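The values are calculated or read from the model by the stated rules, or taken from the named source; none is laboratory data. Just so it is clear, the model here is predicted, and its values are computed rather than measured. Reconstructed Cβ throughout: ideal geometry from the backbone, glycine too, with neighbour counts over all protein chains shown. These area figures cover heavy atoms from the full protein model, side chains too; ligands, DNA and RNA do not enter into them. Shrake-Rupley method; radii C 1.70, N 1.55, O 1.52, S 1.80 Å.
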Amino acid sequence: MKLFSHAHATHPQWRMAAAMVLAQLRAQMALPEHAASPPLALLYITDHYAEEAQAILEHLSAELPEVTDWAGTVGVGIAANNVEYFDEPAMAVMLCDLAPDQYRVFSGVAPLSASGREDGSDGFEAHTALVHADGGTPEVAELITEIAERTSSGYVFGGLASSRSAVAQFAVGSIGTLRGQGAATGVFRGGLSGVAFASSVGVISRVTQGAQPVDRERRITEADGNQVFRLDGEPALGVLLERFGLSLDRLPETVARLRTLLVGLREPEEPSHRPGPRPALRVKGQFGADVLVRHIIGLDPTRGSIAVAERVPEGGYLAFCERSAQAARADLMRVCAEVREELEPEEAVMTLATTVSAGESDASPLGARRMVGAVYVSCAGRGGPHFGAPSAEMQIVRHALGDVPLVGFFAGGEIAHHRLYGYTGVLTVFTAAVEAT
């Protein structure tokens, strides 16, 4: 497997941006370390181009006839190596050097099953999957769980499309569509789509949180739906008000403070029927991937409860938290170090930590050649502005991983494991064995 070719560009006219992207891709595909005819493309566009999604796909497909399969979506921002495009028209493309039997593109007209096709004729088995979804789809969280259960690892990654105009997903598969679906245009509205990967594709994926606990974790001793009635046996509303010195008699002050607070929810344990890897161990003072961050959406003084934007796991755990740029930066550096740790000796990870702390922008750690490409999906509320400067989030990733081909988008919700997250980033790296010299 060779390096994935990738390109990105911004321009008010999408055809000009496409021309710049194509020029970059063709230059890379001519290099010996890149594949000359990669079959799979990932395409991300900002919502400035959303209305032209079909025209963009048709144009790029015609200019890149060697590419037989396409997947992607739209975001209010998109990402590439070392750069973020927010509030400007832009596109990013990555061409993946994978064999035809290593992946399958799926969508509403070509659903993913345990064997890849509904009739099971090609014998493909999905190990993991990149998932794009429309957040307006009913029961989208349940559909994500269902997709994860169709993979042998139980782990999927990706995000919800985000757009201030049209929402679009790209999904073109060379194996075709189900009978009776008619001709598919490759641009879809609603539902889920993406790419499933076989176990022969090396993938390392991590979730980085963007919120930090500001209180100890408490057990949810009574809950119903999205209502939390008791924490550690005490009325939940009373716990909240006492912990933060709030009062319902000073309602404007209380409401203002609640707008800055969120909750981190954790199941008592990972459900035993879930296959695949368990979330990584949590770092003290930070949330791990087993925590879902959600808004507080209401108070009920009569019943002494609080309402949150998620079904609450009775018997699980809740911690009040706040969004924190410092915590987000530290956690992003942590997950990048974890990725590197799987690829190289411990000594190199220590060098990486020193390099990133020193802010050396030209860092390109040893062993980066084992990473052939990466996808990064981050919350639309993160990005450079949250990290303190334009493109700051992607610059952290660049400093940690080196000059790895990378594309991604800023989502309305992030997908990892079998869950839908918020205020997180999901970093996924594709790897290849280092050839002997």
FRET E, pair Glu142, Gln24, Förster distance 41 Å, beta-carbon r, rounded to 0.05: 0.55
Estimated [θ] at 222 nm from DSSP helical runs (n ≥ 4, -39500 (n - 2.57)) normalised by residues in the chain, nearest 500: -7000 deg cm²/dmol
Accessible carbon and sulfur surface of region 289-334 relative to its total accessible area, %, 1.4 Å: 47 percent
Peptide ranges 251-263, 303-315, 158-170 listed from the most packed, as the mean C-beta count within 10 angstrom indicates: 158-170, 303-315, 251-263
Folded to 0 to 90 degrees: helix 325-343 orientation relative to the chain principal axis, Cα: 50 degrees
Förster radius 51 Å - calculated FRET efficiency between Glu125 and Ala256, Cβ distance, rounded to 0.05: 0.45
Ranking by accessible area, most exposed first, for Met371, Met16, Met333 with a 1.4 Å probe: Met16, Met333, Met371
Heavy atoms of Tyr317 accessible to a 1.4 Å probe, total area in Å² rounded to 10: 60 Å²
Within a Gaussian network of the chain (alpha carbon springs, distance under 10 Å), most fluctuating of Asp331, Asp232, Asp249: Asp249
Principal-axis tilt of helix 14-29 within the chain, Cα atoms, nearest 10 degrees: 70 degrees
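What FRET efficiency would be calculated for the residue pair Met16, Glu51, taking the C-beta separation as r and a Förster radius of 22 Å, to the nearest 0.05?
Result of the calculation: an efficiency of 0.85.
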Largest to smallest principal axis extent of the C-alpha atoms in the chain, angstrom: 68, 56, 44
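Can you put Ile297, Ile204 in order of accessible area, largest first, using a 1.4 Å probe?
Result of the area sort, largest leading: Ile297, Ile204.
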Mean separation of Cα contacts under 8 Å, 6 or more apart, over the residue count of region 370-414: relative contact order %: 56 percent
Sequence-distant residues sharing a close amide H with Val214 (under 5 Å, placed H): Phe320, Cys321, Glu322
Cα long-axis angle, helix 140-149 against the chain (0 to 90 degrees, to the nearest 10): 60 degrees
Pair Asp403, Glu338: separation of 7 Å Cα→Cβ label points (nm): 2.9 nm
Residue among Gly402, Gly298, Gly264 with the largest mean-square fluctuation in a Gaussian network model of the chain, springs linking Cα atoms under 10 Å: Gly298
Å² per residue, accessible surface of the chain at 1.4 Å: 41 Å²
